[in-house]
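FYI, it's all coordinate maths here, none of it is from the lab. Everything numeric here is computed off the predicted structure, so don't read it as measured data. Cβ atoms come from the backbone with ideal geometry, glycine included; neighbour counts cover every protein chain shown.
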């Protein structure tokens, strides 16, 4: 246009949109500035301009609801001033022009709006819609939709009269990469080349894309005890975006605190469950992201279940006394508790749904330390919860000393350190004291072994119930020694006599002795006639497994004629006037002179100046070869305690049982159990004596088989009972049973007893126990009645192998012989509460006769 437009107005104020437009042909109208800025209450100048108008008949104007004043102008432009602008949204000011009959005006879009895009799941589609409100001329409008920097859609419109509103849409399929992207819409109104380019943009919309492909996985126990605490976890995989996922866990509609951990696209929430109230409660886990949510549910069964209690009454009893085992359950919710009374190996002794179980039994020595368990089972939520309690029975019994803890025979080596240890078992724990000849010795700390420690010791084990004793024989072995007494260093022989170069050594085991001329070969054993060549020096060596000893001996040979007044040497056949005949086996004194039958009457020991014969007498010695320290006899075989000793003269050997005042029976009687024990054998000759202890063990076939039903052989249906079998025998017998077949039988580990839980009709009948060892067998039987009021005992006396006769016991009663059905006399001893016995019947079996005896109450 002609003339310059007014200058720009500066300042902070609301904007007023300037308009420009184009009409028919090339006549156009423009406005400046495009956006007018005016202070509140102030004024602003707007310049309207036009293009050339043929004919020159053109006008310019400004359409606005505000107060306006016309300012300077030119041929193609006109300025206007908006006065006192005091509206925050004054609307649009429109420059319009007229050229002849033609009129043109322009209107910028009032509003460019992007419709909100709700959160969209991955893979789903949404329309992105942009609306342009009241724009003209719409044919000059271009609308562009973008996702980030990517153009999604560009759309133009055809010509239309006046202003109008338009909408542009694009269908978007969401992917994970779309999350967080900005969607923008740009509207451009182009009046080029005759006018300016007007543009407006909508407020960007941020895309929210999510994925929740699968429900969460809730992990928690199906059952939980009230008051207990446990963890529950909720896991979800593949959720997107992971940082926006919300995990919540509730129990019985109460929210729980959770800790969430992320590993890639896997989220795990952990919480602690600690319910206080029994009952069925719902546990839920909800995973939510954007507008999606998924929930997992699980039923939690909360129960109250106190631990059972097992009690022994009394807790410690003497062997042979009765004890009651009780198993009790507390109050449970739900109250579906079942009890089991169990043995140490898991065997069921009694069971049932009642709140208390009881079992009565007679305590045996073997029951000391026996464990009893009480198991309570609660059925809940298609499963079972169990709790256990256990206790141990203390059986009081006298001390026992067995070979493993207190060996009867010990061999020590002189110079070592040994303790006379002796362990005993018993309850209460016994104290052990050992002594010899009334003097107590130390049994704890090792002490130096000397020969004086050899001998027999008495060890006593004592507790509050009594004392048991055991003899312990200690043998001290030592290396050989050669002394003047047994091996004189100087010998004087008479030529022509028969002499042996003997040397007796001391040592254990007894040493072997060899003598040889110094530097020459060993001298042959045995006596020979003395010659002058025998004179000289000899070396004697005594050896055993612990060492050796050496002694030098000088032999002098003299002529018999050179010794006036001395009797002539004794010859083996004997001669008148000689020292005397030397029968075989005669002994010799320690100094080399003859004693006993080789010494004539009135002839004593020679003086040191007289010649000494060389044959050496021996004191007695008893070794393992001739007198074994341990003997095993069998009852019924001939009894003979033989013990051979060495010595010169041959010693006399006598044996006596320790603790007995008389010798054992001679060889003719047979062995009985009374022969068992420790014997002391003494070998004696004129030069001394030797002692050796011999232990005799007597084995015998099983005897005195007894059976006992606890608590009674009259059993009520549904109760529990046990049948015990006992027998004497050595070796200890093994046990076998013949009894009514039933499914509720439980045998003890040593097979000596059988327990029946919940007696039924199938448990009624005869229970037979057979005791067996390598020497024979013996059996006993007892009748058990179910739901009957009288106790019937069946005594079976039959021959099994080589040994027969059975002793039956019921409640401590022993039945020895029968009389009512067979000639003889019955004897019923120790039957509980019994005052008389009556014979019921007699039957014959393959192994003997069976007699039934019924006990009646007084």
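With Rh defined as the Kirkwood radius, the inverse of the mean 1/r over Cα pairs, the Rg/Rh of segment 401-478 is 0.98. Sorting 114, 766 from the fewest to the most surrounding beta carbons within 10 angstrom yields 766, 114. Rg and Dmax of segment 279-364, based on Cα coordinates, read 22.7, 79 Å. In terms of its Cα atoms, segment 111-210 spans 48, 22, 18 Å along the principal axes, sorted from long to short. Of the residues 255, 156, the one with the fewest other Cβ atoms within 10 Å heads the list, and the complete ranking is 255, 156. Ranked for footprinting exposure by Cβ neighbours inside 10 Å, fewest first, 343, 508 give 343, 508. In segment 172-248, the ratio of gyration radius to Kirkwood radius, Rg to Rh, stands at 1.42 when only Cα atoms are counted.
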